[in-house]
Each structure stands twice: as structure tokens, then as C-alpha cells.
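Input: a single structure, listed below in C-alpha cells.
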Amino acid sequence: MLPNNSLVTAHFVSSIEEQSPSQSGVILHRSMQFMLALIIILSALMLVPDYAWSSDSAVATEAVAEELTDNKPAPVMGPRDYRQIGSMSSRSFVWVIAQLHLFLAAFVLAVPLFVTVIEWIGVKTGDQRYDDMAHEFMKVSMTAYSLTALFGGTLAFSLFLLYPTFMGYMMEVFGNQVMVYALLFFLESGVLYVYYYSWYALRYGNKKYVHLTLGVLLNGVGTTLLFVANAWATFMMAPSGVDDAGVVTGGIWDIMRGPLWNPVNLHRFVANIAFGGAIVGAYAGYKMLSARTMEQRAHYDWMGYTSNFIAVLAFLPLPFAGYWLMAEIYAYSQQMGITAMGGILAWLFIVQAVLIGTILLAANYYLWNGMSRCEGSGRYTWLIKFIAVTLVVSFLIWVTPHTLILSAQEIATLGGSHHPLLGPFGIMPAKNIAVNLMLIGTFLSFQLYRRSDKVITVPWANFGNALMVAIYLVAIANVIFLGVYYGYFTNTVYKVGSSVAQVISTLIVIVSGVVIDTMMFKGAKTLPVKWGQISNRGVYALFALPIAFTWLMALMGYVRSSVRTHWHVYTVMKDNSVDNFIPNIGHAGNMMTVATISFLALVLFIFWVASLGDTKQAKPVSVPAQNPAQ
Amino acid sequence: MTTNTNSQSQSLQDEDLLKQGKIPVIFKVLSFAVLMVFVFTGIANLLPQVEGQAPKDIKVDLGALTMETYIAMGETLFSGKGTCTLCHNNLGRAPDILALNMEETAVERLSVEDYKGDAKNSEQYFLESMVDPSKYVVPGYGKAGEPSPMPTIDKAPIGLTQIEMGAIIAFLQAKDGGEPTVDLPTDAPAVEETVATTEPPKPAANAEEVLLKNGCTACHAVLDSPSTIGPNLKDIGARSSREEIRESIINPAAVIAEGFPPIMPANFADKMMVKELEMVVDFLVASEDSTQTDAPKETEMKGE
Amino acid sequence: MPNEPCQKCVSQKERKMNNLKNWVLSFVIAIAVFYTMDHAIMSMQGLPLKVDMTPAQ
């Protein structure tokens, strides 16, 4: 490399230093506020009392009742109601197509969400780099958009071809609502293209606010699209607005606003952001590894860090959204809940544990490696090995299965279907301890990372540090005590009750950590951050994250869909096809892998097309005119 | 993980970081991704592979139905198609029907003041609690003022028929030694639904085979096993009644023998066929003396 | 920490004492917070905290 390379780096580093003091802090705060606001709005939506709709829906119900007095019940499905393409399993075909459509749609809906936030941060901080990054994110999602539509169309056609009677019934139930969806899609496309192509036309001053408004509009339409489509899936899981025989009795609001609609809305919305963040993180990671200059590398390092930050931040509230969804499923039908959590699908949660463990380990590994960007990180490196050991041990406990189906020979060798030593690790209290310790450990990594570029100057720094250490230690002790004592020495009710206190312990650590840090960082001195100074090995965490996310999404989507067991529309329309059984986990895993690898190929195509736009062919030099001597 | 980078090694490190290596980045990243996906797939394939079959229509010859087979059918339905054991187990979600003496419990419930239903005897009470579960919610379960969390059994998604509910009532009445009062179905519907398992199961030939198949010998001293992980079963017949033994297999957590860890799997009742369960119970009831030999090999056992 | 206020006017011993006070106070606060939280959460679920080590039934 040429000597001026380090000059470029130095320049870039210093230019970042100027703006970096509260850079990550700004993103943290802005995006946290944004997420929080959205979660609050969504929760509020759920809490809107029934009478808010009731006047509407009462009228609608009457109108519908008059209009459609000859409503038909859900058809009873026979062999003639199913078709096949050749000898291919219809379920497998629709499975992969639907999964690919959902992957792409999640990505395409999520990217504009954080792009608008990043664009807004750019306006607020006056930092041009945010704007450039937002635009680059958008560019990646443009190709994905048309692919989403293509797979959506293919999915619709294959459903109508392979499940004509079922789709007929769905059309009867949802009626004109599907055209609203189509209309929204037109609107989404229009706003998306204007938003993307007007980026540089509406860049400064008041025009920028016009552009930001477009971004908000785009996300409004996109999120509505998501919610409209979610209603179809949640109707199939927990039908509302129809009677026991499937005859439509309510208006479209009654049909859409089933018990699971809002929980799924929230869960998908938040998960999409995590997923989208992880994918663009991989994009940045790839660009970084193939960078030829330190300046490029620094840019993509920063971009990867930001994407990863978005992904992990959105990932953390997901368990709570998932908990709400599961609670609503139990409230709707205990049977459905137990089928998911304690029945045949329960094994899938072992796989889920492996995936979430992978995600947490990758996120931590990335943070630890990223600490090498800051000179001040040397103060904390001794702690990393303890966090690493805690994470790995907790992870192993978490994936220790509870009961294994073994042959008699294996049981005899093992001395019981529970291992005498490992057995106690397989039960829920041990897993609760493990999960909470993993979350606490991850937050500690995150906190150390944030502290590694700062020198704290507030006068009460010693007390603040002592308090933070005390909170960590007491929280860990509390989590372990609650788990061991209530988990192993008292009855089930206490076991469940104490797990709530464990989760609250973890939340106290996170909340107090954020609060104490925010107060301690006031007036803190900032050490330089050298973007690009992260080992290439560390960058691979940026690939591990989206792969695990993608597979996890396929897995949880499968669970969500499978809890219907042998019903197309739960309790209303039986699935009498040859595929009405729940396949074994291996088969399901293979299907998820087919979907994930296909998606991987599509993502590569998307990245390639995105970089194609930057590639300019050199103008051919007119050779014959001058013929230099050789 | 070297974090203390000093400025001297700075430019050198930059060069190292930008080094592309011989293998193209795209290839490395792809291999990494595919490898990860295969690890996840591998884990999914390592777990127990079970298919969940939808209930299938099976013809039951009503003419050949005896009260015994009717009770057995009820027991199968109770943990199978009826999905009763999902909640009615020892986890506190709903009354633990298998642990309670249901005949006595029904009489008790009918006599309490809060009971507002129309049932006059246990048969009617069982039926009422299935078709109209909110009529009477047992204190301590469900939420005040809200309908019972129990689904209506003759409606979707469970949708048991009258005959099937009758079988369950017969099972509930008979399981604690009572006499079923339900009438055997004789007439009309020739098509009857029962639960189909993945493969038509073949019952074991004798109790020994059942014990070995289910790995009982791994923990318990029984047959020629000297294991002390679980209670000795060679003299169980002398210590426990037939009902207690059956209960301990179906619902091991109900009574944990002192000094032993509560680790016995709760799913043996699901894995065994009714016939197999009864064979094991019969066998254990007969095992009365630990010094006597049930099998010739057993003599040289144990150093407890 | 290099930015301790008024480092000169505080003797070594006093600083040690201050440090000790910091730690003790911190742990007292943390333990109080978590203990109260345990109590609150468990009693909200109708489960009074009890330290009774008899094994589960």
C-alpha cells in the first residue's frame, strides 16, 4: 500500500472524530424513542375499546346481514378441492413460495422504516454521511421490491391453482378487502419510486422535509399493507366475524380484528426491522471485506455497525412481543397454545434456542471485536472472557433438551431418560436462568462497548460505577437464586411466578444501565474511534446474524402456521388434503433450508444489481489517432 | 483479540486488514453462510422425528363393542383426540382428573351450593362439563365472571361425537373401580372416529417386553435390573395398590417416592397402549416379594 | 479515574473510606431494590415470598 493510504485514514478518522461524540448515542436515542413510540401506538391500537368500532361495525353487520342473507358455510373439503403440479407436494410448493415472499416483504417493509429514521438523524445532526447511508440502504431495497411483488403474484396464483376451494372461501370472507390491498400496493409503489428517485432533487432546506414526509407516508402505507395481509393469516388461526359453520356474520372489521391480529402485527413489525437491519448489515460487511481502500472500509464498517445496532435493538423487545402473542393464543384457545408450547411442536423450540443463542453469541462477538476500534477499550478487555464463558455455558444449558425419545438400549446406557447430571439442566428453571444471564451478558457487552470510547468526568463517577457493578452482581445473584430455589424446591406455581421476577431483574439491569450511562456520559471526554479497525473475523458476525435470523423467521413462521394442525381455518374449515399432518422436524428443517438458501441466492442477486448501478465502463480511448512510441 | 493498538503498527495493520487473500471474498462468505444453514438443518434432523397425524375416520364395529373395549376407547380418546390431558394433568392448569377419584368428586361437586347445573348424577355431570363447561367452574380454576377456559368438547376443534363422549364417561367412571352407568352404543352411526396414530401399533406380547421397550429397567430394579435410580419395583405389589401403581405410571409426578428425584417421564401413558399398561400393572401387582424370584436371573441382585 | 475532583485535598485514607462508602451504599441500594421487586412481583401473583426449603411435593 502507498504511504498516502494512512493519510487518507487519518483524515477520515479525524473527520469522524469531529462528529462522533454522541453519534451512537444519538442513534440509540432516536431509534429507541421511535421504536418505543411505535410500540406504544400499536399497544394503544389494541386497547382501543370495542365501541370505537362498534358503531361502524354494527351498521356494517346489519348491512352485510341484509345483503348476504344467503351466506354459505365453509365448504367441506374433498379430494376434488385440491390440485397438484405433477407429483410435487402442494404444501411444499406453497411453503417455499410463501416463505420467499415473506422474507422479501419483511425486508422491503423494514428498510424504509429505518431509512426514514436515519435520514431524519442526518437532518438533525447535519451529518451528510447519514443521508448517504440512508440512500445506499434504499438502493439495496429497490430491487428487492420488485422481487417481492413477483413472488407475491406467484404465491397468489399458486394458491388459487392448488387450493381453489379454500381460496374461494377466503375471497367470500374477505370480499372487497383484497382490492383495498391491491390499491395500497399501487400506492406503495408510487410513493416508493418518488421517495427513492427524488432523493437528490429534494435534498436541502425545506425540500428535505417534503422528502421526509414522503418517507413517513411510504412507511404508513407499507405498514398498513402488512396489517391488511396479516388479517388473512390471523383469520386462519383464530377466525372471527364468522359463526361455527364459517358463515360470515360480521362486517370486515369483525373479520379482521380477530384476537391474534394485533399481536401478530406488532411481532411482525418489530421482527421485520431486526431482519432488515441484519440483511443490510451483511451487505455492509461484504462491501467492507472487499474494500480496496481504508476509506471505503471505514465507511462500510460504520454502516455495518449501524445496521447491526438496528438489528439487535429491534431484536431485544421481540421476546416480549412473542410473549404477548403466545398469551393471546392461550387466551383464544388453550389447546392451540399447548400444541405450540407443550405438544408436538415443542421440540422446535430447542431449535429456536440454538438460533437465538447463535444470534446473541454473534452479536456479542461483533461487539467485542468492535472494541478494537477504540483505544479506551483496553480497560474492559479482561471482562470479556467472563462474559464469553457465561454465554457459552448458558447457551449449552439452554439447548439441553428436557426429555429425549431414546431407544431402550440408549436409556439403559444413559441410566434413565434424563441424564443423572445433565437432567436437572434440561428443565425450565435452568433454562430461565440461562436465558436471563445471556441477556444480562449481552447488555454488559453493549454497555462496555459504549463506554470504551469515553472518559467519564462527572464527579460521582466512582459511585455510579459502584452502583452499576452492584446492580449487575445482585441481579445475577437474584436470577440464580430465584431459579434454583423456586425452580427446584417449590411447586409449579412458584416456578412460573418466579420467572416473572427473573425477567424483571434483567429489565432492571437494562433500564438502570441506560439511565446511569446517560447521566454519566454528560460532559464525558470522547476518545477517537477508528472505523475500519476491526478484525475480518469479527465482520463474519455480520453474516451469522442474518443467516440465523432468516432461518429463525422460517422456523417461527412454520410454528405459527402449524398450530392450526389439521385445519385450513381453525375450527371452521378442515384440511382434508393429503398434507393435513404436521411433518416431522427434520422435514420442516429441510424446507426451511430450501427457503433460506433460495433467499440467499436472491439476496446475492439484489446486492449484485445494487453494485451494478455504481459500475461505470471506462470510455474507450480512441486508439488509432495517436500512436505513442513503444 | 489484541485491542491495544498503538499508532506505530497502525499503517501495517491497515494493510493487513485490506489484504484480500487468495480465495475471493464472495466464496468465503457464501461457504460460511451455507455451512451455518447446514448446521441448523442438522440439528433439526437430529431431534426426534415425530409426525402429528390428523384424526382419521375409522370404522368401529358397534356390534362387537363390550363395556371393556368401550372404556379402553374412552381412555384412548382422553389422551388422544379429546386432547383432555393437555390441560387435565398435574401442572395445575385444570383439575387433575387422572389423579382424582372422579366418581367421588362428581358427587361432591353436585352437592355444593354453588353448583347451578342440571346434572343429577355423575354420568350427567361428566356430560354436562363436556358440552357446557361454563355451567360449573371448579373453584380455583378459570377467571371469575368469565366463561370456563375449557373448550366445548362436541364442537370444533375437538368435536367428539356422542358415542365418543360416552366412552370417556365410561372411562372416568371405571378408572377408579366404579361401574359405568352409560349405555353401550348400539344403533345407527356405523362410522366412528377415533385417533389414528402414525402407524398401526402392535401391542407388546407380555409385560416383560413392555418394561424393556419403555426402558423401565434403566431406573428401576425390575426383571434383572439392579438399578437404584428409581424405587425398587420387585416388591411394589406389597407396598402399593393396583390403582397407585397405575397412577404412578400415568402421572409419575403425583406421588414421588421419598428420597428419589422427580425425574420419571410423564409420557409413558401416551407411549403405551392401554393393553400394555394393564399388562405392566398386572405384572407389578404380582411382584410382591423382593427376595422371591420372578425371573431366575434375579437372584444375584443388589447391594442396597 | 483521573478526573477525581479535588484530589489533593482528600487524603489517601479518606479516599479509601469514600470508596468503601460508595460500595456499601451501592450494594445496599441494589439489594433493597431487588428484594422489594421480588416481594412486589411475587405478591402481585398471590405468592408470598417464603424461605421454606422443604422439597417440592
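Tabulated data for the structure shown
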read-out: Residues A:Val180, A:Val389 arranged by fewest to most Cβ contacts within 10 Å; value: A:Val389, A:Val180
read-out: Shielding by other protein chains, A:584-596, mean Cβ within 10 Å; value: 5
read-out: Alpha-carbon centroid distance for the pair the stretch A:340-360 / the stretch A:128-175, whole angstrom; value: 28
read-out: Shielding by partners, peptide B:226-232 (average Cβ within 10 angstrom, other chains); value: 1
read-out: Span per principal axis, largest first, for the Cα atoms of the stretch A:507-591 (Å); value: 68, 34, 15
read-out: Environment charge at A:Leu289 (Cβ cut-off 10 Å; Lys +1, Arg +1, Asp -1, Glu -1); value: +3
read-out: Spatial separation of Cα centroids for the stretch A:187-251 and the stretch B:227-245, in angstrom; value: 64
read-out: Built amide H within the under 5 Å cut-off of A:Trp567, gap 5+; value: A:Asp575
read-out: Estimated vicinal HN-Hα couplings, Hz - the stretch A:352-358 in sequence order (Karplus 6.51, -1.76, 1.60; Gly, Pro = x); value: 4, 4, 4, 5, 5, x, 4
read-out: Cβ-Cβ FRET estimate between A:Phe386 and A:Val247, R0 fixed at 60 Å, reported to 0.05; value: 0.45
read-out: Integer Hz, Karplus 6.51/-1.76/1.60 couplings in order for the stretch A:435-443, x for Gly and Pro; value: 4, 5, 5, 5, 5, 4, x, 5, 5
read-out: For the stretch B:142-187: rounded, prolate or oblate by the Cα gyration tensor [a/c cutoff 1.5]; value: oblate
read-out: Selection of trypsin sites (Lys or Arg not before Pro), the stretch A:139-227, meeting DSSP coil and at most 14 other Cβ within 10 Å; value: A:Arg203
read-out: Long-range amide H partners of B:Gly52 with built H, under 5 Å; value: A:Ile582
read-out: Note, ³J(HN,Hα) from phi for the stretch B:172-180, Karplus 6.51, -1.76, 1.60, rounded to Hz, x at Gly and Pro; value: 5, 6, 8, 5, 10, x, x, 9, x
read-out: Amide H partners (placed H, <5 Å) of A:Lys454, local residues excluded; value: A:Leu527
read-out: Debye, to nearest 20: dipole size of the stretch B:56-194, +1 on Lys, Arg Cβ, -1 on Asp, Glu Cβ; value: 520
read-out: Gain upon complete extension [A:Trp232, A:Ser535; 0.36 nm per residue less C-alpha separation]; value: 104.5 nm
read-out: Restraint check, A:Lys530/B:Lys19; A:Lys139/A:Lys207; B:Lys116/B:Lys143; B:Lys81/B:Lys116; B:Lys120/B:Lys143, Cα-Cα greater than 24 Å; value: B:Lys81/B:Lys116; B:Lys120/B:Lys143
read-out: Alpha-carbon gyration tensor eigenvalues x 5, square-rooted, for the stretch A:525-565, Å; value: 39, 13, 4
read-out: In the stretch B:69-144, chymotrypsin sites (Phe, Trp or Tyr not before Pro) in a DSSP loop with at most 14 other beta-carbon atoms within 10 Å; value: B:Tyr115, B:Tyr141
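Each reported figure results from applying straightforward, stated rules to the coordinates on display, with no laboratory input. In this text, all values refer to a predicted model and were calculated from it rather than measured experimentally. When we count neighbours, we look across all protein chains shown, and the Cβ atoms used for this are built from the backbone with ideal geometry, even at glycine.
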